[in-house]
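Note sheet for the following structure.
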Amino acid sequence: SEFRKRFDNIVKDHGWSYKGRRGWRTQVIYQNNKNTARAAGRWQQQERLKDRRPFLMYLTAGDNRVRAEHHKWHKIVLPVEHEFWYSHYPPNGWNCRCKVVSINYRDIERMKLKITDQDTLIDAVTVNEKTGGLAGIDLGWDYNPGKAWLGSDISLGKSLLQMDEILRAHAIPQFNKAILKSEPHYKSTVSRIAAQIALETFKDDKKIMMLAHLNNETISKLVNESRPITSSMITISTLQISEALSSGIQIESIFELMNGLHKMDKFTYDGRTLNLILNGTMIAIELSAPFNKVIKIHKQ
């Protein structure tokens, strides 16, 4: 791909070397995004079916490559709403092949399973004494990709900030191009929220959607000015979309938000938020962890 060609050229120019087959770095990044997107779609489907299939079961790949910590979670069965899935919904690290399937009471009886009790769960979920994080989960992976509905993962947003500036300049447009492929789903979500507002049936589902990565120029400027930036990601919550629509912002303006942020070049920073104007609409983006958030949309 074009991204891989550019990636290889920059690696060569900077004298970086590695052992193994060509393109392993880009393959890992690509596979990571593919797995995360697949998990996000699976979670959304499982949430829709939870009235009929109210439980989830953790499954590993079942071979000798499975990490010891992940093996402890094999066949854990818990309700869809259980907090375990907030942090342990796979993938749980680079090249993690685990998955989660939805089941009902009949499945539990047929497969002779048991709903995991609290004592068993405590034994299976431990803390890494060195890092303070959850054992078995790579740094930056302790989140549910479906609840976040992120086109790229949280760890990518962090790593792009630490990347060589020249490499980042080539990488970000490629990742933003991938995010734009989710625009139909984003617009569908906005339309659904608008309909719910009109019918007075909107309920905050606490979902977060990925809009874009900050461009390289913006990141470099913020980093050089020692601004408190921890991620390249820009996200928006379904609640924020509902508040914008309820305040009179046209649905077309919300539709254009994703595409507009990819082209963002001029902004002001007031010590807490990035502020910019898109088609006559003011957008305020809060710099925060684990990702930056659109916190206000209002007319100019």
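The values are calculated or read from the model by the stated rules, or taken from the named source; none is laboratory data. Computed from a prediction, not measured in an experiment: that's the story for all the values here. Methodologically, a virtual Cβ is constructed for each residue, glycine included, from the backbone with ideal geometry; neighbour enumeration extends over all protein chains shown.
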Which residues, taken from segment 261-274, are in a loop (DSSP other than H, G, I, E, B) and touching a residue at least 40 places away in the same chain (Cβ under 8 Å)? Met264, Asp265, Phe267
Taking first residues from segment 75-100 that are over 15 Å from Phe55 (Cβ atoms) and second residues anywhere that are assigned to a strand (DSSP E or B), the pairs with Cβ under 8 Å that are 6 or more apart or on different chains are Ser87/Leu134; Pro90/Tyr58; Pro90/Lys99; Pro90/Val100; Cys98/Tyr58; Cys98/Leu59
Residue match in segment 104-115 (condition: exposed (fewer than 15 other Cβ atoms within 10 Å of the Cβ), at pLDDT 90 or above and farther than 24 Å from Arg48 by Cβ): yes
Residue ID - farthest from Ser237 (Cα to Cα), chosen from residues in segment 174-185 that are in a helix (DSSP H, G or I) and in contact (Cβ under 8 Å) with a residue 12 or more places away in the chain: Gln174
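One line per residue, one yes/no per condition, for (1) in a helix (DSSP H, G or I); (2) of a type in the set (Gly, Ala, Ser); (3) touching a residue at least 60 places away in the same chain (Cβ under 8 Å); (4) not assigned by TED's automatic domain parsing to the domain that holds Glu286:
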| residue | (1), (2), (3), (4) |
| --- | --- |
| Lys187 | yes, no, yes, no |
| Lys206 | no, no, no, no |
| Met210 | no, no, yes, no |
| Glu217 | yes, no, no, no |
| Ser220 | yes, yes, no, no |
| Thr235 | no, no, yes, no |
Report, by residue number, each residue of segment 189-204 that is β-branched (Val, Ile, Thr) and part of a loop (DSSP other than H, G, I, E, B). Thr201
Identify, by number, the condition in (1) modelled with pLDDT under 90; (2) closer than 20 Å to Leu161 by Cβ that Lys266 doesn't meet. (2)
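Here is a yes/no grid of residues against (1) hydrophobic (A, V, I, L, M, F, W, C); (2) loosely packed, with under 15 Cβ neighbours inside 10 Å:
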| position | (1), (2) |
| --- | --- |
| Lys203 | no, yes |
| Ile208 | yes, no |
| Leu245 | yes, no |
| Ile254 | yes, no |
| Asn292 | no, no |
Any chance segment 222-241 includes a residue that's on the phi > 0 side of the Ramachandran plot and at pLDDT below 85? yes
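Residue by residue, here is whether (1) under 22 Å from the mean Cα position of the chain (by Cα); (2) farther than 23 Å from Pro184 by Cα; (3) of a type outside the set (Gly, Ala, Ser); (4) not in a helix (DSSP H, G or I) holds:
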position: Ser231; (1), (2), (3), (4): yes, yes, no, yes
position: Leu239; (1), (2), (3), (4): yes, no, yes, no
position: Leu245; (1), (2), (3), (4): no, no, yes, no
position: Asn259; (1), (2), (3), (4): yes, no, yes, no
position: Leu276; (1), (2), (3), (4): no, yes, yes, yes
position: Ile285; (1), (2), (3), (4): yes, no, yes, yes
position: Lys293; (1), (2), (3), (4): yes, no, yes, yes
Residue selected from segment 154-173 under the condition assigned to a helix (DSSP H, G or I) and among the charged types (D, E, K, R), by the criterion nearest to Met264 (Cα to Cα): Arg168
